[in-house]
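Visitor: The structure that follows is given in the form of structure tokens.
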Amino acid sequence: MPFGYASPEQIMRDKADYARKGIARGRSVVVLQYEDGILFVAPNPSRALHKISEIYDRIGFAAVGRYNEFEELRLGGIRYADINGYTYDRSDVTGRGLANLYASNLGRIFTESIKSLEVEVVVAEVGDTPDGDAIYRLTFDGSVFDEHGFAAMGGQADAVATRLKERYREGMPLADALEVALTALTEPGGERPPVAQLEVAVLDRNREHRKFLRLTGARLERLLSQVSGGGAAAQEPAEEPPGAAPGEGASGAAGASGASGAAGASGQATPPPTGPEGDIDDGSSPL
């Protein structure tokens, strides 16, 4: 037997263990349905490196793990959506199609490359009704899970999913859904992350055209005040307030995305990562 020989089974186990350890160092992300769409919530101390993004009109993306690796996946998904939407029809771009594309790429890299990607991804699509919503969770080896109601991934995914299961119910108002997500993301007896370190976004089926909307600043603080104050969980206004930054994503014209982070439908490009913040050592660290 040659020195240093390892069986294919051992190689696959080693790559899987390596990927799981990398993903476990990232902060958990929660994706769940609420009465008007799909909510994304993630603790994120960085203002430059997003874990939650828009892919297309009705499709959102969330990831945990190495930022440089899942950012490549995000940009590839935007290019796929732009080209197919422009060449055929915008309705031909679906969350299932993107999930299949990501599954194929992740599975090929896991099988053929020396190092697997240290990422876990959620592709979510909002429908015209709650029954049309879809949440797909993809793991580092290309496995696809069709989640119902909610999904959790990241370092404490099992514990977070357990807390979600205990509190989640269908048809929750947005404020209630946010309360459930934050409770699930917070260790028992621990403190919730401050507003400045929360990344929150929705796919709102009531919005015209582009459904993706980031909840930041005063909008997010008002929503959190409803949670903490126990008031009525009213849906936040769907339109962007004056001066607010639009959601990021793809426009549907071929080539709308690029190395800087893919332009949105308004033509404004997502700011490229300018440098590490918080606990991010570099662009390749788990996020």
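Visitor: Look at region 177-226 and say how many of its residues are in contact (Cβ under 8 Å) with a residue 60 or more places away in the chain, surrounded by 18 or more Cβ atoms within 10 Å (Cβ to Cβ) and either β-branched (Val, Ile, Thr) or assigned to a helix (DSSP H, G or I) (or both).
Guide: Residues meeting the conditions: 9.
Visitor: With the structure loaded, tell me whether Ile38 is crowded, with 20+ Cβ neighbours inside 10 Å and more than 17 Å from Leu138 (Cα to Cα) or whether it fails that test.
Guide: Answer is yes for this residue.
Visitor: Follow-up. Any residue in region 6-24 that's on the phi > 0 side of the Ramachandran plot: show its pairings with residues that are open to solvent by less than 80 Å² (accessible area, probe 1.4 Å) and among the hydrophobic types (A, V, I, L, M, F, W, C) at Cβ separation under 8 Å, as long as the two are six or more apart or on different chains.
Guide: So the pair list comes out empty.
Visitor: Could you grab me the full set of residues in region 105-127 that are open to solvent by 40 Å² or more (accessible area, probe 1.4 Å) and either within 18 Å of Ala62 (Cα to Cα) or under 15 Å from the mean Cα position of the chain (by Cα) (or both)? Spell out how you get there, then give the answer.
Guide: Quick first cut of region 105-127, residues open to solvent by 40 Å² or more (accessible area, probe 1.4 Å) only: 105, 108, 111-115.
Across region 105-127, the qualifying residue is only Asn105.
Visitor: Quick check on region 24-32. Is at least one of its residues of a type outside the set (Phe, Trp, Tyr) and in a helix (DSSP H, G or I)?
Guide: Residues of region 24-32 that are of a type outside the set (Phe, Trp, Tyr), as a first pass: 24-32.
Within this subset, residues satisfying the condition of being in a helix (DSSP H, G or I) are 24.
Within region 24-32, one or more residues are of a type outside the set (Phe, Trp, Tyr) and in a helix (DSSP H, G or I).
Visitor: Oh, and also: Scanning region 140-160 for residues that are open to solvent by less than 20 Å² (accessible area, probe 1.4 Å) and touching a Phe, Trp or Tyr at 6+ places or on another chain (Cβ under 9 Å), which turns out farthest from Arg108 (Cα to Cα)?
Guide: Gly149
Visitor: Could I ask something else about it? Look at region 84-143 and say how many of its residues are in contact with a strand residue (DSSP E or B) (Cβ under 8 Å, 6 or more places away or on another chain), assigned to a loop (DSSP other than H, G, I, E, B) and within 26 Å of Ala19 (Cα to Cα).
Guide: Looking only at that region, the number is 4.
Visitor: Still on this structure, please answer the following. I'd like the residue in region 128-154 that is farther than 20 Å from Leu178 by Cα and of a type in the set (Gly, Ala, Ser) and, out of all such residues, is farthest from the chain's Cα centre (by Cα).
Guide: Taking the candidates together, the pick is Gly132.
Let's see how each residue does on (1) within 24 Å of Leu178 (Cα to Cα); (2) open to solvent by less than 50 Å² (accessible area, probe 1.4 Å); (3) at pLDDT 95 or above; (4) not in a helix (DSSP H, G or I):
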site: Met1; (1), (2), (3), (4): no, no, no, yes
site: Glu9; (1), (2), (3), (4): no, no, no, no
site: Ala42; (1), (2), (3), (4): yes, yes, yes, yes
site: Ile55; (1), (2), (3), (4): yes, yes, yes, yes
site: Gly60; (1), (2), (3), (4): yes, yes, yes, yes
site: Ala63; (1), (2), (3), (4): yes, yes, yes, yes
site: Arg79; (1), (2), (3), (4): no, no, yes, no
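Visitor: Just one of the numbered conditions (1) surrounded by 24 or more Cβ atoms within 10 Å (Cβ to Cβ); (2) touching a residue at least 60 places away in the same chain (Cβ under 8 Å) is not true of Asn68; which one?
Guide: Result: Asn68 passes all but (1).
The values are calculated or read from the model by the stated rules, or taken from the named source; none is laboratory data. None of the values given here were measured: they were computed from a predicted structure. Glycine gets a Cβ as well: all are built from the backbone with ideal geometry, and neighbour counts include every protein chain shown. Just the protein is used for accessible areas: all its heavy atoms, side chains included, with ligands, DNA and RNA removed. Shrake-Rupley method; radii C 1.70, N 1.55, O 1.52, S 1.80 Å.
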